[in-house]
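The values are calculated or read from the model by the stated rules, or taken from the named source; none is laboratory data. Note that the structure is a prediction, hence the values are computed from the model and not measured. Positions of Cβ are generated from backbone atoms using ideal geometry, with glycine treated the same way; all protein chains shown enter the neighbour counts. Ligands, DNA and RNA are excluded from the accessible area calculation, which covers all protein heavy atoms including side chains. Shrake-Rupley method; radii C 1.70, N 1.55, O 1.52, S 1.80 Å.
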Amino acid sequence: QVQLVESGGGLVQAGGSLRLSCVVSGTNFILYTMGWYRQAPGKQRELVAVIPRNENTYYADSVKGRFTISRDNAKNTVYLQMDSLKPEDTAVYYCNRNPTTWANWGQGTQVTVSS
């Protein structure tokens, strides 16, 4: 069974930075396109960034130029570097496969950006 473990969230002031990590186990990580998703209170989960096997990345317009997704296939880990954070980035962040997600999600990591 696939397991996803996110970490790296926290409380940061607007303009600050955080680096999220997600370790994937129970599957052949290198085969899959991976994505970071987020869910703010009262809102639906949304896709933030995607990194395929060939590392041609995709970003939602709301984070383009501020967030960078990367992966280390040797460590079965996908990262999200978040710079110039804004209060509207406050959410629980999750990683999962893209576009078809695995059924089980990790616990996520909370990111809170204060103004």
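Structure notes:
- Reported count of residues in region 38-54, each being farther than 16 Å from Thr68 by Cβ and either of a type in the set (Gly, Ala, Ser) or touching a Leu at 6+ places or on another chain (Cβ under 6 Å) (or both), is 2.
- Test: residue in region 66-73 that is surrounded by fewer than 16 Cβ atoms within 10 Å (Cβ to Cβ) and either hydrophobic (A, V, I, L, M, F, W, C) or in a loop (DSSP other than H, G, I, E, B) (or both): yes
- Qualifying residues in region 1-32 (those that are within 10 Å of Val78 (Cβ to Cβ) and among the β-branched types (Val, Ile, Thr)) - the one least open to solvent (accessible area, probe 1.4 Å): Val24
- Verdict on Val50 being over 11 Å from Cys22 (Cα atoms), open to solvent by less than 30 Å² (accessible area, probe 1.4 Å), part of a strand (DSSP E or B) and β-branched (Val, Ile, Thr): yes
- Number of residues in region 74-93 that are buried (at least 16 other Cβ atoms within 10 Å of the Cβ) and either over 18 Å from Gly10 (Cβ atoms) or touching a helix residue (DSSP H, G or I) at 6+ places or on another chain (Cβ under 9 Å) (or both): the value is 4.
- Of the residues Ser70, Ser84, the single one that is among the hydroxyl-bearing types (Ser, Thr, Tyr) and touching a residue at least 60 places away in the same chain (Cβ under 8 Å) is Ser84.
- Within this structure, Asn96 fails the test of being in a loop (DSSP other than H, G, I, E, B), closer than 24 Å to Gln1 by Cα, touching a residue at least 24 places away in the same chain (Cβ under 8 Å) and out of contact with any helix residue (DSSP H, G or I) (no Cβ under 9 Å at 6 or more places or on another chain).
- Reported count of residues in region 33-44, each being surrounded by fewer than 17 Cβ atoms within 10 Å (Cβ to Cβ) and either basic (Lys, Arg) or under 12 Å from the mean Cα position of the chain (by Cα) (or both), is 2.
- Condition check for Val111: open to solvent by less than 20 Å² (accessible area, probe 1.4 Å), outside any helix (DSSP H, G or I) and touching a Gly at 6+ places or on another chain (Cβ under 7 Å): yes
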